[in-house]
1. By count of other Cβ within 10 Å, fewest leading, how are R155, R198, R73, R217 ordered?
2. Work out the FRET efficiency for V176 and F31 from their Cβ-Cβ distance, taking R0 = 35 Å, and round it to the nearest 0.05.
3. Please report, in cubic angstrom per residue, the volume enclosed by the convex hull of the alpha-carbon atoms of the stretch 73-223.
4. Can you give the helix-only mean residue ellipticity at 222 nm for the chain, where every DSSP H stretch with n ≥ 4 adds -39500 (n - 2.57) and the sum goes over all residues, rounded to the nearest 500 deg cm²/dmol?
5. Dipole of the chain (Lys/Arg Cβ +1, Asp/Glu Cβ -1, origin at the Cα centre): which of I222, L22, F182 lies farthest to the positive side?
6. Under DSSP H, which helices of the chain have Cα atoms covering 15 Å or more of the helix axis and a Kyte-Doolittle average no less than 0.0?
7. Where in the stretch 1-87 are there GluC sites (Glu not before Pro) that are in a DSSP coil and have at most 14 other Cβ atoms within 10 angstrom of their Cβ?
8. With 27 Å as the limit, write out which pairs from K64/K144; K57/K144; K57/K212; K144/K212; K80/K213; K12/K212 have Cα-Cα distances beyond it, or answer none.
Amino acid sequence: MKVRLLAEALVKFLLGIALVALLVFLPAGSFSFSGGWLFMGVLFIPMLIVGIVMMAKNPDLLRKRLDAKEKQREQSLIVKLSGLMFLAGFVIAGLGHRFGWYTLPETVSLIASAVFLLSYVLYAEVLRENTYLSRTVEVQEGQKVIDTGLYGIIRHPMYTATVIMFMSVPLILGSVYSFVIFLFYPVLIAGRIKNEERLLERELSGYTEYKKKVRYRLIPFIW
């Protein structure tokens, strides 16, 4: 089973590299797009490290993270819209490099890369705290409410990490126009959270009480 899981993870990892490279460098018309290489590095190197750690310490969690097929219609729609957003954002960033559209200074790309890596640290901490995390919205057998650590501050720290992470992406690529496209991501995540919480209230024992204890979903003192 571990060999099969390793093979699946490796194939998806390599396909991810190929897909992102295609979406970024093909529209750019050149491999000299430094922002593209910077993004590839901050995305895939930590992803590889986290994958190796999960494979060694918690292969079940890795298996859950590889399963991205949503069963609910609303969540499936949100995932598809997110995919379209990423596709458009990458292509616009590449075209911006090719045609010299307004691009951000290299300093902004470097700062955004640091923010992206910090959000990855936050993401890894969430994975450590909550071993029930999967990429699909579901309640698993034996699942319990996690209310300690980051979950004692906000109810969805994983989404907080991904919002910070993905809002940094267009800045790493140096594209203002791509950043405008990525502004849809927090809106999509807000919709995903509302739908997910309805499911958790129905099917996860103690979640209603947890909501009363931890008031904020995504951003402390704001929402």
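1. Values: R155 25, R198 12, R73 9, R217 20.
Ordered by Cβ neighbours within 10 Å, fewest first: R73, R198, R217, R155.
2. Details: r = 23 Å, r/R0 = 0.65.
Approximately 0.95, to the nearest 0.05.
3. On the way: hull volume 16.3 nm³, N = 151.
Each residue corresponds to 108 Å³ of Cα convex hull volume.
4. Working: 9 runs with 160 residues, N = 223.
Only helices count here, giving -24000 deg cm²/dmol.
5. Going by the Cα projections, it comes out as I222.
6. Working: long enough: 2-28 (39 Å, 1.94); 34-57 (35 Å, 1.82); 73-99 (39 Å, 0.89); 106-129 (35 Å, 1.16); 157-172 (22 Å, 1.55); 184-203 (29 Å, -0.45).
Sorted by number, the helices that extend far enough and score high enough are 2-28, 34-57, 73-99, 106-129, 157-172.
7. Details: sites: E8, E70, E74; in loops: E70.
Qualifying residues, ordered by number: none.
8. Values: K64/K144 16 Å; K57/K144 20 Å; K57/K212 33 Å; K144/K212 16 Å; K80/K213 33 Å; K12/K212 39 Å.
The pairs that break the limit, which is 27 Å between Cα atoms, are K57/K212; K80/K213; K12/K212.
Every read-out reported here was derived from the displayed coordinates using simple, explicitly stated rules and does not represent laboratory data. Remember, it's a predicted structure, so these values are computed and weren't measured experimentally. Cβ atoms come from the backbone with ideal geometry, glycine included; neighbour counts cover every protein chain shown.
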